[in-house]
């Protein structure tokens with residue numbers, strides 16, 4: 001009888017010792033997100049300015065010629081604010097727009113800026129690419145320095161995690177550049 005118990009215990013010990021997971025090396029994975037091809041159309045607005053927007057963006061008009069371009073599938077919005085330039089406020093508008101971009105320097109890894117100049121349509125401005133876990137990933141301002149001033153900022157409806165939202169950021173930055181390139185004053 002003892003030999004039967006001994007054999008059973010020995011069998012169980014061997015069973016437990018032999019049960020170990022094999023290590024399987026998995027290849028590095030990269031997030032694969034696909035977005036629709038960029039297709040642009042004129043924004044249907046009766047504002048003091050006109051531009052082209054991505055067809056997938058929903059345009060929501062706000063007060064005082066401001067608007068939101070919403071991208072529901074990406075849970076992102078480009079907030080655009082219009083202000084009238086007066087004899088005394090251009091310096092403060094420019095300072096505020098630059099300050100808004102650089103307020104994110106605490107969380108940002110870098111904030112490269114790219115001047116924008118379109119003398120044919122009298123549109124001048126700056127585009128800021130905010131890289132890192134900041135609240136916004138891109139901002140811009142545009143002006144004719146005489147009557148019109150517009151700021152734009154991209155925000156996501158999620159806690160910023162730059163690595164996760166990077167593909168959407170690249171896609172939406174292209175749309176923001178298109179707004180800048182096609183903007184015309186009325």
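Along its principal axes, what span do the Cα atoms of region 57-185 show, with the longest given first and each in whole Å?
Computed over region 57-185, the largest-to-smallest principal extents equal 43, 30, 26 Å.
Fewest to most neighbouring Cβ within 10 Å: what's the order for 173, 63? Intermediate results must be reported in sequence, preceding the final value.
Numbers: 173 16, 63 6.
By the 10 Å Cβ count, ascending, the order reads 63, 173.
Which residue fluctuates the most in the chain, going by a Gaussian network model with Cα springs under 10 Å, if the choices are 166, 35, 141?
Of 166, 35, 141, the most mobile in the Gaussian network model is 35.
Let me have the 222 nm mean residue ellipticity of the chain computed from DSSP H runs of 4+ only, each contributing -39500 (n - 2.57), with the sum over all residues rounded to the nearest 500.
-9000 deg cm²/dmol
Say we join alpha carbon atoms closer than 10 Å with springs in a Gaussian network model of the chain; which of 86, 136, 77 then has the biggest fluctuation?
86
Fewest first, what order do 80, 126 take by the number of other Cβ atoms within 10 Å?
The fewest-first ordering by Cβ neighbours comes to 126, 80.
FYI, it's all coordinate maths here, none of it is from the lab. Only a predicted model underlies this, so the values are computations on that prediction, with no experimental measurement involved. FYI the Cβ positions are ideal-geometry reconstructions off the backbone, even for glycines, and counts take in every protein chain you see.
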